[in-house]
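First the structure, in the form of structure tokens, and then the observations on it.
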Amino acid sequence: MRLMARRPEAIAERTIQDLVDGLCGVPAASFTRDAVLDEIGRTVLDPGSLRPYLFFRRSHYTRNLIHRNDLFEVIAIGWEPGQASAIHNHRGQECWMGVPIGRLEVRNYRLIEKDGAARTCRLQPSERYVIDPRHPAAVDPAEPIHAVLNLPEYAARAVSVHVYSRPFDSCEIYQLEQGRYYDVPLGYTSRFGVLCPGERAEADRAASAGRP
């Protein structure tokens, strides 16, 4: 995982649409880890601009689609205190993360062994990072297995904005103690500000004021 320390001059806010427009302006051949991390790291996202896309659910974090094309997708993930992802990978695709609201801990894991036929694996905990509004990050392709946590002691909601390139619709989930892994399909809680059929979630009303 590569973290970016905020540059002193990067103090202006911009909207989520500004970020999407900026990413759309990056040619496919130049859509690299460093180029996208620079684009994400230039400014702090305006929390209010995310409000139409923010939903929360007490049982699990939410995945809210903001933009998708053949090259990349942008997703806002809503985290209640204490919620966490499973240990997972990104199917070999690039991932960048920013946290405009709150903070999150990222825990990396090193893959020691993997048996594709038996669906068994052995992982070793690796580095940990905290990402917040001034410290976005990019997943390291050499060590892409990780989990994301909104720790209970943070005692606040968090929102992360993820850029995936290229978009993917499933991932591998790893069970650390059992030494097993399996495939899971990925879906969305909402698409472009509208809850998906069958989804129940609470719309966020505090983001416009910048509160977690």
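No value in this document is a laboratory result; all are computed from the given coordinates. Here the structure is a predicted model, which means the values were calculated and not measured. When we count neighbours, we look across all protein chains shown, and the Cβ atoms used for this are built from the backbone with ideal geometry, even at glycine.
In terms of its alpha-carbon gyration tensor, the range 117-194 comes out oblate; a/c meets the 1.5 threshold, while b/c is at least as large as a/b. As a size descriptor, the averaged projected area of the C-alpha convex hull of the chain was calculated at 11.9 nm².
Taking the Cα of D70, stepping 7 Å toward and past its beta carbon, and measuring to each backbone N in the range 141-170: which are under 14 Å? Answer for this model: 166-167. Per-residue extension of 0.36 nm, minus the Cα-Cα distance of R200 and A12, leaves a gain of 64.2 nm for this segment.
Using the Karplus relation 6.51 cos²θ - 1.76 cosθ + 1.60 with θ = phi - 60°, the per-residue 3J(HN,Hα) values for the range 21-31 come to 4, x, 5, 5, x, 8, x, 4, 5, 9, 7 Hz, with x marking Gly and Pro.
Based solely on its DSSP helices, what 222 nm [θ] is calculated for the chain when runs of n ≥ 4 H residues each add -39,500 (n - 2.57) and the sum is averaged over all residues, nearest 500 deg cm²/dmol?
-2500 deg cm²/dmol
Among residues other than S30 with Cβ under 12 Å from its Cβ, the summed charge is -2 (Lys and Arg +1, Asp and Glu -1). Net charge of the neighbourhood of A201, taken over other residues with C-beta under 10 Å away and scored Lys/Arg +1, Asp/Glu -1, is 0. Tell me whether the range 132-177 comes out rounded, prolate or oblate; compute the Cα gyration tensor, take square roots of the eigenvalues as a ≥ b ≥ c, and use a/c under 1.5 as the rounded threshold. Oblate, since a/c reaches 1.5 and b/c is not below a/b.
Other residues whose C-beta falls under 15 angstrom from the C-beta of L186 contribute a net charge of 0, scoring Lys and Arg +1 and Asp and Glu -1.
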